[in-house]
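S.K.: What follows is a structure written as structure tokens; I'll ask about it next.
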Ligand code: BES
Ligand code: MN
Ligand code: MN
């Protein structure tokens, strides 16, 4: 078939199946596959089974792999000897729906408003993941066979990071062997402006528990004499970062890869207005390390955020209590070449040193953490992705970095291949992780179109 004819056939298939694609997306969005909440374990398993059945229906052979947490799905197309192999990664688990009262419609009842489907997981990551699945299905059905093998590797613990996916990947590099890895779990640069992500930050996540007296006390009788864990917590946490946005934990910056002049220049070329960025989230100004631009602070420098604080009286009115306990959840975003374990050791020592008298402290880290990474964009597969995005979006993508983390990607780079193509299909304004998460149906269809072309472009590289 000529290239033009093929492109026509792709468009025709997209037009004919538009409603079917959306119907399928809504079906997937109805599963409350919240990995962090134990009550949703069965829902996660059911989501994995749904995906497995779909792969089987497409003609792939599949494996549902049990882990310490939620099942992994592996699927592969019938082997074409000598053809290159691409592995598609995604995650079917989603974030908790908290705060539920701020949702305008039920998080697991997909609802379309103004061309967007509203549901938890729509943008992160079920919509983008399904785009790739549907694009592979097209080529499986097509009479024209591409010189390409496909593998899918989909996890259910990306959002909580404790299922041992990293171990599985390092121990099964034969099963997962591939020439390219493709995923869409990062956003476009701006609505309609696609991006290829070539850098991600890593992450290391903690809970800090402080205990004081053996029970809650009257703050009039005991205040001034007994250490208050809430006071202690705010004091300790405020020591982690100074007023210039610098993290004060000793050795924290030791291994940070400095920003090269090339990378700085690349960032400066992107059309990005700091004021507009602030306005987009309803603030007039922001805070971060002095001496760095907003994009540098978000993509190329580490950061520190407290995610939740618990302690003392939170009910209505006042209660003069001196609480017995307080705790916080917080994390660092890491950049290449920071080592999460080393950071944890330094942090623990720093906190012990700064722990006020009369307080017992416990620091717990969740998961193994992950380092940051950069992807080399000079490989030919990046140009294949550029052409695919031009076809799908009608615009050339920008090469960008992102500040979020996909912990498994560093393991992929170490044990499978450095050819990792991260195609942004969602938008940063989709409210991923927040209430009223949504995904543009236009982006969904553009994603399928892009992916259909990506397979043809990758197949023609060999
Ligand atoms: N899809 C995101 C990662 C992401 C976000 C990449 C924004 C690029 C830009 C992923 O699902 C996610 O949320 N990851 C977590 C990982 C954490 C739980 C270790 C994150 O970044 O907070
Ligand atoms: Mn994601
Ligand atoms: Mn996420």
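Taken together, the values in this text are just the output of simple stated rules run on the coordinates, not laboratory data. This structure is a prediction, so every number in the text was calculated from the model and none was measured. Every residue, glycine as well, gets a Cβ built from its backbone with ideal geometry; the counts of neighbours run over all protein chains shown.
S.K.: Given the peptides 132-141, 58-67, 264-273, arrange them by the average over their residues of other C-beta atoms within 10 Å, most packed first.
M.R.: For the peptides 132-141, 58-67, 264-273, the packing ranking is 132-141, 58-67, 264-273.
S.K.: While we're here: Using only C-alpha atoms and all pairs of different ones, pull out the Kirkwood radius for region 61-169 in Å with one decimal.
M.R.: About 16.0 Å, per the Kirkwood formula over Cα pairs.
S.K.: Please determine, in degrees from 0 to 90 and to the nearest 10, the orientation of helix 340-354 with respect to the longest principal axis defined by the Cα atoms of the chain, where the helix direction is its Cα long axis.
M.R.: So the inclination is approximately 10 degrees.
S.K.: OK, next. Once the piece of chain linking residue 49 and residue 140 is laid out straight, how much longer is it, given 0.36 nm per residue of separation minus the C-alpha distance between them?
M.R.: Fully extending the segment from residue 49 to residue 140 adds 30.7 nm.
S.K.: Based on the alpha-carbon gyration tensor of the chain, what equivalent-ellipsoid semi-axes (square roots of 5 times the eigenvalues) come out, in whole Å, largest first?
M.R.: Taking √(5λ) for each eigenvalue gives 42, 24, 22 Å, largest first.
S.K.: Give or take rounding to whole Å, what are the principal axis extents of the alpha carbon atoms in region 367-462, in descending order?
M.R.: Between the extreme Cα coordinates on each principal axis of region 367-462 lie 40, 36, 18 Å.
S.K.: Could you state, as a whole-number percent, how many of the C-alpha pairs of region 248-366 are farther apart than 23 Å?
M.R.: Within region 248-366, distances greater than 23 Å cover 50 percent of Cα pairs.
S.K.: To the nearest Å, what is the center-to-center distance of region 37-61 and region 206-279, using C-alpha atoms only?
M.R.: 39 Å
S.K.: A follow-up question, please. Using a cut-off of under 18 Å, list every residue of region 366-385 whose amide N is near the label point 7 Å from the Cα of residue 310 along the Cα-to-beta-carbon line.
M.R.: The answer is 366-367, whose backbone nitrogens lie closer than 18 Å to the label point.
S.K.: Hey, for a label at residue 218 modelled as a point 7 Å past Cα toward Cβ, could you say which residues of region 312-350 have their backbone N under 14 Å away?
M.R.: Under cut-off, by backbone N: 320-322.
S.K.: Looking at the chain, what % of its DSSP beta bridges pair antiparallel, to the nearest 5?
M.R.: 70 percent
S.K.: Further, regarding this structure: Helix 441-459 against the longest principal axis of the chain: what's the angle in degrees, Cα atoms only, rounded to the nearest 10?
M.R.: It works out to around 60 degrees.
S.K.: Something else now. To the nearest 10 degrees, how steep is helix 127-141 against the longest Cα principal axis of the chain, on a 0 to 90 scale?
M.R.: Approximately 20 degrees, to the nearest 10.
S.K.: Which order do the peptides 196-207, 299-310 come out in when sorted by mean C-beta neighbours inside 10 angstrom, highest first?
M.R.: 196-207, 299-310
S.K.: In square nanometres and to one decimal, what's the mean projected area of the convex hull around the Cα atoms of region 147-279?
M.R.: 16.2 nm²
S.K.: Can you give me the Cα centroid spacing of region 406-456 and region 98-128 in angstrom?
M.R.: That distance is 17 Å.
S.K.: I would also like to ask the following. Can you pull the semi-axes for region 34-120, root of five times each eigenvalue of the Cα gyration tensor, sorted largest first, whole Å?
M.R.: In descending order the semi-axes read 31, 17, 11 Å.
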